[in-house]
Amino acid sequence: MPEDSTLPPELRTQLARFFARTWSDEVLRQDFERDPRAALATVGIDWPSDLPLPELPERPENAIDLESLEASAGSAVSTIGTVSCPTGCFSRQNS
(Lines give C-alpha, C1' and ligand atoms only; values in the text may rest on other atoms or scores of the structure.)
Protein backbone atom coordinates (compact mmCIF):
# COMPACT_ATOMS: atom_id res chain seq x y z
CA MET A 1 0.00 0.00 0.00
CA PRO A 2 1.41 3.40 -0.83
CA GLU A 3 2.50 5.42 2.15
CA ASP A 4 0.70 8.43 0.72
CA SER A 5 -1.03 10.26 3.55
CA THR A 6 -3.42 11.81 1.04
CA LEU A 7 -5.38 8.55 0.78
CA PRO A 8 -8.68 8.95 2.57
CA PRO A 9 -8.94 6.73 5.66
CA GLU A 10 -11.93 4.87 4.17
CA LEU A 11 -9.94 3.98 1.04
CA ARG A 12 -7.00 2.77 3.17
CA THR A 13 -9.39 0.56 5.16
CA GLN A 14 -11.02 -0.83 2.01
CA LEU A 15 -7.62 -1.60 0.54
CA ALA A 16 -6.44 -3.34 3.71
CA ARG A 17 -9.59 -5.51 3.73
CA PHE A 18 -9.09 -6.30 0.05
CA PHE A 19 -5.51 -7.43 0.64
CA ALA A 20 -6.61 -9.55 3.60
CA ARG A 21 -9.14 -11.25 1.29
CA THR A 22 -6.48 -11.93 -1.35
CA TRP A 23 -4.48 -13.92 1.23
CA SER A 24 -7.29 -16.48 1.48
CA ASP A 25 -8.93 -16.15 -1.96
CA GLU A 26 -6.62 -17.43 -4.70
CA VAL A 27 -8.96 -16.34 -7.52
CA LEU A 28 -9.12 -12.77 -6.20
CA ARG A 29 -5.34 -12.71 -5.87
CA GLN A 30 -4.93 -13.90 -9.47
CA ASP A 31 -7.49 -11.35 -10.66
CA PHE A 32 -5.50 -8.61 -8.94
CA GLU A 33 -2.23 -9.80 -10.47
CA ARG A 34 -3.83 -9.88 -13.94
CA ASP A 35 -5.71 -6.55 -13.75
CA PRO A 36 -5.39 -4.69 -10.43
CA ARG A 37 -7.78 -1.87 -11.26
CA ALA A 38 -10.55 -4.26 -12.36
CA ALA A 39 -10.06 -6.50 -9.31
CA LEU A 40 -10.28 -3.51 -6.98
CA ALA A 41 -13.43 -2.35 -8.79
CA THR A 42 -15.14 -5.71 -8.16
CA VAL A 43 -15.12 -4.93 -4.43
CA GLY A 44 -16.15 -1.30 -4.86
CA ILE A 45 -12.73 0.34 -4.75
CA ASP A 46 -12.34 3.07 -7.35
CA TRP A 47 -8.57 3.54 -7.29
CA PRO A 48 -7.59 7.15 -8.11
CA SER A 49 -6.09 7.34 -11.60
CA ASP A 50 -3.41 9.79 -10.47
CA LEU A 51 -1.93 7.28 -7.99
CA PRO A 52 0.24 4.30 -8.88
CA LEU A 53 -1.50 0.99 -8.35
CA PRO A 54 -0.58 -0.67 -5.07
CA GLU A 55 1.50 -3.82 -4.99
CA LEU A 56 0.03 -6.93 -3.45
CA PRO A 57 1.74 -7.44 -0.10
CA GLU A 58 2.79 -10.88 1.13
CA ARG A 59 0.68 -12.40 3.86
CA PRO A 60 2.32 -11.63 7.22
CA GLU A 61 3.48 -14.55 9.35
CA ASN A 62 0.98 -15.60 12.03
CA ALA A 63 -1.79 -13.61 10.33
CA ILE A 64 -5.37 -14.73 10.72
CA ASP A 65 -7.78 -14.49 7.85
CA LEU A 66 -10.54 -11.89 7.71
CA GLU A 67 -13.32 -14.44 8.22
CA SER A 68 -11.73 -15.68 11.45
CA LEU A 69 -11.24 -12.13 12.68
CA GLU A 70 -14.84 -11.18 11.94
CA ALA A 71 -16.13 -14.38 13.57
CA SER A 72 -14.05 -13.67 16.66
CA ALA A 73 -15.33 -10.11 16.80
CA GLY A 74 -18.92 -11.36 16.53
CA SER A 75 -18.37 -13.79 19.38
CA ALA A 76 -16.95 -11.04 21.54
CA VAL A 77 -19.95 -8.81 20.89
CA SER A 78 -22.42 -11.55 21.83
CA THR A 79 -20.41 -12.37 24.95
CA ILE A 80 -20.42 -8.73 26.00
CA GLY A 81 -24.17 -8.66 25.54
CA THR A 82 -24.66 -11.55 27.98
CA VAL A 83 -22.42 -10.29 30.77
CA SER A 84 -24.39 -9.24 33.82
CA CYS A 85 -23.51 -6.72 36.45
CA PRO A 86 -23.52 -8.37 39.91
CA THR A 87 -24.20 -5.07 41.68
CA GLY A 88 -27.25 -4.21 39.62
CA CYS A 89 -25.47 -1.29 38.01
CA PHE A 90 -27.95 -1.21 35.13
CA SER A 91 -31.08 -1.26 37.25
CA ARG A 92 -32.76 1.95 38.28
CA GLN A 93 -33.49 2.45 41.94
CA ASN A 94 -36.07 4.99 43.01
CA SER A 95 -35.06 6.94 46.13
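Screening the candidates Trp47, Trp23 for the property of being farther than 26 Å from Glu61 by Cβ, touching a helix residue (DSSP H, G or I) at 6+ places or on another chain (Cβ under 8 Å) and surrounded by 12 or more Cβ atoms within 10 Å (Cβ to Cβ) yields one hit, Trp47. Leu51 meets the conditions (1) modelled with pLDDT of 90 or more; (2) part of a loop (DSSP other than H, G, I, E, B) in every case but one. The failed one is (1). Number of residues in segment 4-20 that are surrounded by 12 or more Cβ atoms within 10 Å (Cβ to Cβ) and outside any helix (DSSP H, G or I) equals 1.
Count of segment 26-35 residues, restricted to those that are more than 18 Å from the chain's Cα centre (by Cα), outside any loop (DSSP other than H, G, I, E, B) and surrounded by 11 or more Cβ atoms within 10 Å (Cβ to Cβ), is 3.
The values are calculated or read from the model by the stated rules, or taken from the named source; none is laboratory data. What you see is a predicted model, and the numbers here were worked out from it, not measured in a lab. Using ideal geometry, Cβ is built from the backbone for each residue, glycine included, and neighbour counts are taken over all protein chains shown.
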